[in-house]
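Before any comments, here is the structure.
The values are calculated or read from the model by the stated rules, or taken from the named source; none is laboratory data. Keep in mind that what you see is a predicted model, and the values were worked out from it rather than measured. Cβ placement follows ideal geometry from the backbone for every residue including glycine, while neighbour counts extend to all protein chains displayed. For the accessible areas, the whole protein counts, side chains as well, though only heavy atoms, and no ligand, DNA or RNA atoms are used. Shrake-Rupley method; radii C 1.70, N 1.55, O 1.52, S 1.80 Å.
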Protein chains: 2
Amino acid sequence: MEQHGAVCYVLKAIYERRSVRNYSGEPVKREIILEAIKAASWAPSGLNNQPWRFAILWDPDLRDKIGSLTRYGHIIRNASVAVAVFLDKDVSYDYIKDCQAVGACIQNLLLALHSMGPGAVWIGEILKNKEAVRETLGLPNNLELMAVVAIGHPASKNQTSTRKPLEELIIFER
Amino acid sequence: MEQHGAVCYVLKAIYERRSVRNYSGEPVKREIILEAIKAASWAPSGLNNQPWRFAILWDPDLRDKIGSLTRYGHIIRNASVAVAVFLDKDVSYDYIKDCQAVGACIQNLLLALHSMGPGAVWIGEILKNKEAVRETLGLPNNLELMAVVAIGHPASKNQTSTRKPLEELIIFER
């Protein structure tokens, strides 16, 4: 992570970010959530169509309802806030590329949160109930649930993770 | 981007990254490409299945061939190097979530490159010829092309971009 003699904070954030599922209970400031969503929106998208939309779920009762739609409900309940990320199918131009763009957007969200202090975890398992989530939130059917991100200050900071070595990921170099 | 009185370099990188399509011709170091691919691999994925694979294309003749498969071929030819990103369908567990994870991985790649100096652009249009790209590179059919990222030092640095205002992206806050 040393670059021209200085730490590269971007690489540091990418390598140190973890999926945070246990929270201290310390409140997360609204301005941090809005800044992280702004950062999310600066992901690239095909034709710059920016197909991502966000619902910010602070209300514990609402998070309890949404939590009942995933086996990871306790994480959504124990978080300080959750952000439901949707694809707006009305502006979609290519479903697969739009899903990739939303993935890039969620990664920006996670990195931005990590860089400002809170931790977060990307919950995809809830997509099995994506229609129920949409209906519970009272949203029109052009909005397709892509993920729920649970957010809170981490209860601990020594979490480890692993990745495959580069040799297994690089098919060839030519 | 001020956070606790210090610039947040992660937000700065997210906001200042651009899709770079014009290159100075200055060579890009191999160690930067490998570090950026390592950063890409630290994206989250469902069940940590890490479905991304990478082919690094330095050879101008090879990039010329791949370039002929997209209307953005001149960008791939004028770049210093290109990285073709694949989904390994043998480790896929959910196609949509895997495509999202690859999107997160590509965003890490782009941010890491930007933070180390080179610029890059995510080329999705080439997916119309994804089978031909795979065959040109002599790869097995478990590898599905997800994008080609063209990489080089930027010819200029004053490029602007725009995003929708947050009010259009946030469905509700409750």
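Structure notes:
- Distances, shortest first, from the label point of B:Gly25 to those at the same position in the other copies read 6.4 nm; the point lies 7 Å along Cα to C-beta.
- Using R0 = 56 Å, the C-beta based FRET efficiency linking A:Glu135 and A:Arg174 works out to 0.65.
- Spin-label pair B:Lys164-A:Asn22: with each label point 7 Å from Cα along the Cα-Cβ axis, the two points sit 3.9 nm from one another.
- Shortest-first distances to equivalent copies, position B:Gly138, nm, label 7 Å out along Cβ: 6.1
- Across the options B:Leu47, A:Val7, A:Phe86, the greatest Cα extent toward the positive end of the charge dipole of the protein assembly as shown (unit charges at beta carbon of Lys, Arg, Asp, Glu) belongs to A:Val7.
- In loop segments of the range A:1-98 as defined by DSSP, the trypsin sites (Lys or Arg not before Pro) with at most 16 further C-beta atoms inside 10 Å of their C-beta are A:Lys29, A:Arg71, A:Lys89.
- Percentage relative contact order, the range A:36-98, counting C-alpha pairs under 8 Å, at least six apart: 41
- Using only the C-alpha atoms, the convex hull of the range B:125-174 corresponds to 186 Å³ per residue.
- Going from the isolated chain to the complete set of protein chains, the range A:141-174 loses at least 40 Å² of heavy-atom accessible area (1.4 Å probe) at A:Arg163, A:Lys164, A:Leu166, A:Leu169, A:Ile170, A:Ile171, A:Phe172, A:Glu173, A:Arg174.
- Check: the protein assembly as shown dipole with +1 on Lys, Arg Cβ and -1 on Asp, Glu Cβ, in debye: 220
- Value of relative contact order over chain B, rounded to a whole percent, pairs C-alpha under 8 Å and six or more apart: 32
- Solvent-accessible area, 1.4 Å probe, carbon plus sulfur percent, for chain B: 47
- Note on chain A: the C-alpha convex hull projects to 12.4 nm² when averaged across all orientations.
- Rg/Rg_ref, the range A:77-174, where Rg_ref = 2.2 N^0.38 Å and atoms are Cα: 1.30
- Distance from the range A:53-69 to the range B:94-161 (C-alpha centre basis), Å: 33
- Since only A:Leu143, A:Ile96, A:Trp122 are under comparison, the one whose Cα sits farthest along the positive direction of the charge dipole of the protein assembly as shown, derived from C-beta charges on Lys, Arg, Asp and Glu, is A:Trp122.
- Taking both sides together, the accessible area buried where A meets B is about 6600 Å² for a 1.4 Å probe.
- Theoretical ellipticity at 222 nm over the protein assembly as shown - DSSP helices of four or more residues, -39500 (n - 2.57) apiece, nearest 500: -11000 deg cm²/dmol
- For B:Thr160, inter-copy separations between label points set 7 Å beyond Cα along the Cβ vector come to 4.9 nm, shortest first.
- Nearest chain A C-beta to the A/B rotation axis, reported as residue and distance in angstrom, is A:Gly103, 1.
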